[in-house]
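A short write-up of the structure that comes next.
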Amino acid sequence: FLIVVSTVGSCVVRDATGNVNNTFVTELTNCTTAACKLNYDFSSCESGCQYGLMNNFQVMSMVSGFAPLISAGIFSATLSSALASLVSAPKIFQALCKDSIYPGFQMFAKGYGKNNEPLRGYILTFLIALGFILIAELNVIAPIISNFFLASYALINFSVFHASLAKSPGWRPAFKYYNMWISLVGAILCCIVMFVINWWAALLTYVIVLGLYIYVTYKKPDVNWGSSTQALTYLNALQHSIRLSGVEDHVKNFRPQCLVMTGAPNARPALLHLVHAFTKNVGLMICGHVHMGPRRQAMKELSTDLAKYQRWLIKNKMKAFYAPVHAEDLRDGGQYLMQAAGLGRMRPNTLVVGFKKNWRQSDMRDVETYINLFHDAFDVQFGVVVIRLQEGLDISHLQGQEELLSSQEKSPCTKDVIVKVDYSKKSETDTSIAFAPVSGERTSGLHKEENEDGKAPTTQPLLKKGRHFPPFYAKSTSPLNSADQSLLDASTQFQKKQGKSNIDVWWLFDDGGLTLLIPYLITTKKKWKDCKIRVFIGGKINRIDHDRRAMATLLSKFRIDFSDITVLGDINTKPKKENIAAFEEMIEPFRLHEDDKEQEVADKMKEDEPWRITDNELELYKTKTYRQIRLNELLKEHSSTAKIIVMSLPVARKGAVSSALYMAWLEALSKDLPPILLVRGNHQSVLTFYS
């Protein structure tokens, strides 16, 4: 092509009359054009010459040695290009349609014959080509077609450059002479030439290409092409992670990076969304899931769950990672996650668990495991957050909550509801467990059947009339009971805009500032921006004004906005008798009563059941017990209307306080309240005066 351009340009001037006798009679002094320098005077047709490179499209035939050969070459090139486009374009279009990238074109994905020929695509291509031919003006068509071809060449060149830049091991070009920067230059030159040829056609091409690209980017089709974009994203993430690992931690850059023990992420949406409220675009969130049971079965579940639940998180716009592990018991699994989850500096520093609401009905060995997880977290310098909703967190037995709510809203009187239940063996055989409560009773009308192995029952979900479902659905007309309905409503409460309300912070211990940082981060989110922070602290009655001013000064230095500060001077007052009696009634089944037993019997019972509460222990920690009961009274008095409560988590000395007594403290402290976060940092400062 370049040789042809040079050859023809050397033989033919830009504009000419076609008359060889149009020469200059007199010598000219101001001669700039090539025709003038060759002593030709073509000034008579400057506004509309019929010959020359710009006007005569047969110049190649005119300067050739054998003109018919040029015509034959044009026909051959046109035919080969037309056939190539007619065959390749429908194939590419068929591939796009099979990937369902652009809706409405699925009909062209169908192929015919053993080679899966896109006959419908051939017909479409023929009709488009015929439409352009009927324009019957080659000079109108040529700029558009040329721009589309140049756009294709530009994209191919850039794709090659991008693949080389991503350094993917799968990109192994076989070009003998190749440089990635030449590909980039080629792509840029194609874009420039598009505007040189025809600016409006170039703009039209850009608009079409960008429109198609933006549409695909916005729709995010579920197709994996192994693109160079994926490879480059991985490379950038790897390089930045390595660079970040060489940077020392600083209090100004602290952010809560949470390991959330969710189990299956969709089983505890309230827990997930509340943590997401203070980690989204701020810190890391990892959803931990401990699989137990036979190793072979757990490993299969691990691989399938990893892909399934990560897709679920992405689909629900949760900026989090899913991390399943297999362990012999829950404590081992929690330790594995705390030690190994994350990468470089992007590692969790805060453990988040749901409150074990059913602890009084559970095996106390499980309760011991639950509490020991807190101690394990403190041992590895983690903060701990315990989240409690009075309705509970676990909706694994009511997985179709969204369909259920929408169906009830549309038809309040209907008795038919949809409840999609997790019917897999792991749900019932307890091979995958997280540290959160199983709350509420199972939906009335659910039918249980034995599995094939005869060991564990599976729950058959409810069915809506008039629709066909897979065989694992059973039909029932029973509505949800009130407990399950409340549980479903509570599970979605943090997905809505919260409106004007209060976030009450009860900062009772200096744990480094995590108890203050979390509510501040929550208020920075759009759904929570109308909520105000109220701070409650303990103090002495004769120093209330002084303590309030001191706390206001401290919060101002931390640049944390607050609406009110309350100093509680009666925090150590003895609680009401009826509340003390209720606490004693709650712990009665867990007491040892060693004074009423023989010494040997009591010692043996304490050894076998270390979680039991001794009389000596109860007397030793009476003050702390009364404090939890009194705090609950104050919480009901001051924070019963708050949207959420963030409070310092009481911590028991490891090995000194029995599991039953510690759980009773948490129960007494947090019962009958709005959603509450019990927070205890690792005493590392997370707030600073300096920006």
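The values are calculated or read from the model by the stated rules, or taken from the named source; none is laboratory data. Treat the numbers as computed from the prediction; the structure is a model and nothing was measured. Positions of Cβ are backbone-derived with ideal geometry, glycine not excepted, and every protein chain shown enters the neighbour counts. Surface areas here come from the heavy atoms of the whole protein model, side chains and all, with no ligands, DNA or RNA. Shrake-Rupley method; radii C 1.70, N 1.55, O 1.52, S 1.80 Å.
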*Here are several values of mean projected area of the Cα convex hull in nm²: (i) 33.8; (ii) 49.7; (iii) 79.0. Which one was derived from the coordinates shown?*
(ii)
*Report, in degrees rounded to the nearest 10, the 0 to 90 angle that the Cα long axis of helix 180-197 makes with the longest principal axis of the chain.*
60 degrees
*For n ≥ 4 DSSP H runs only, could you compute -39500 (n - 2.57) per run for the chain, divide by its residues and tell me the 222 nm figure to the nearest 500?*
-14500 deg cm²/dmol
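Peptides 172-185, 49-62, 375-388: what's the order by average Cβ count within 10 Å, highest mean first?
On the way: 172-185: 10.7, 49-62: 15.4, 375-388: 20.3.
Ranked from most to least packed, the peptides come out as 375-388, 49-62, 172-185.
If you average the sequence gap of Cα pairs under 8 Å that are 6 or more apart and divide by the length of the chain, what percent do you get for the contact order?
On the way: 979 pairs, mean separation 69.9, N = 691.
Relative contact order for the chain comes out at 10 percent.
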*asked:* Over segment 479-594, with the other protein chains present, what is the accessible area per residue in square angstrom, probe 1.4 angstrom?
replied: 51 Å²
*Go through 341-352, 123-134, 523-534 and give me the packing order, highest mean Cβ count within 10 Å leading.*
341-352, 523-534, 123-134
*Rounded tilt (10° steps) of 364-379 against the dominant C-alpha axis of the chain*: 60 degrees
*For segment 1-63, with every protein chain kept in place, what is the accessible area per residue (1.4 Å probe, Å²)?*
79 Å²
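If Rh is defined by the Kirkwood formula over all Cα pairs and Rg also comes from Cα, what ratio Rg/Rh do you get for segment 482-608?
Values: Rg = 21.9 Å, Rh = 19.0 Å.
Reported Rg/Rh (Cα atoms, Kirkwood Rh): 1.15.
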_Contact order normalised by length for segment 1-63, with contacts defined as Cα pairs under 8 Å and 6 or more residues apart; what percent is it?_
45 percent
*asked:* Output the 0 to 90 degree angle, nearest 10, between the alpha-carbon long axis of helix 2-11 and the longest principal axis computed from the alpha carbons of the chain.
replied: 30 degrees
_Counting other C-beta atoms within 10 Å, and keeping those with at most 14, which DSSP coil GluC sites (Glu not before Pro) do you find in segment 589-691?_
Glu598
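With the full set of protein chains in place, find how many percent of the accessible area of segment 304-344 is carbon and sulfur; take the probe as 1.4 Å. Don't skip to the answer; put the middle values down first.
Working: 1360 of 2350 Å².
Summing carbon and sulfur atoms, their accessible area is 58 percent of the total for segment 304-344.
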_So with the 1.4 Å probe, I'd like the accessible area per residue for segment 203-362, rounded to whole Å²._
55 Å²
*Using the Kirkwood radius over Cα pairs, work out the Stokes-Einstein diffusion coefficient for segment 185-278 at 4 °C and 1.567 mPa s, in µm²/s as a whole number.*
69 µm²/s
*asked:* My understanding is that a pair violates if its Cα-Cα distance is over 23 Å; which of Lys317/Lys527; Lys315/Lys527; Lys280/Lys496; Lys308/Lys526; Lys356/Lys624 do that in this structure?
replied: Lys308/Lys526
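Do any chymotrypsin sites (Phe, Trp or Tyr not before Pro) in segment 643-691 lie in a loop, going by DSSP, with at most 16 other beta-carbon atoms within 10 Å of their beta carbon, and if so which?
Numbers: sites: Tyr662, Trp665, Phe689, Tyr690; in loops: Phe689, Tyr690.
Of the chymotrypsin sites (Phe, Trp or Tyr not before Pro), the ones in loops of segment 643-691 whose Cβ has at most 16 other Cβ atoms within 10 Å are Phe689, Tyr690.
Out of all DSSP beta bridges in segment 254-394, what portion is antiparallel? Express it as a percent rounded to 5.
Working: 1 of 19 bridges.
Counting DSSP beta bridges with both partners in segment 254-394, the antiparallel share is about 5 percent.
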*Would you mind putting 362-368, 31-37, 502-508 in packing order, based on average other-beta-carbon counts within 10 Å, highest first?*
502-508, 362-368, 31-37
*Tell me, what % of the accessible area of segment 85-219 is carbon and sulfur with a 1.4 angstrom probe?*
75 percent
*Roughly how many nanometres apart are two label points built 7 Å out from the Cα toward the Cβ at Gln239 and Glu637?*
6.1 nm
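Could you grab the relative contact order for segment 254-394? Cα pairs under 8 Å, six or more apart, rounded to a whole percent. Before the final figure, lay out the partial values.
Working: 212 pairs, mean separation 40.8, N = 141.
For segment 254-394, the relative contact order is 29 percent.
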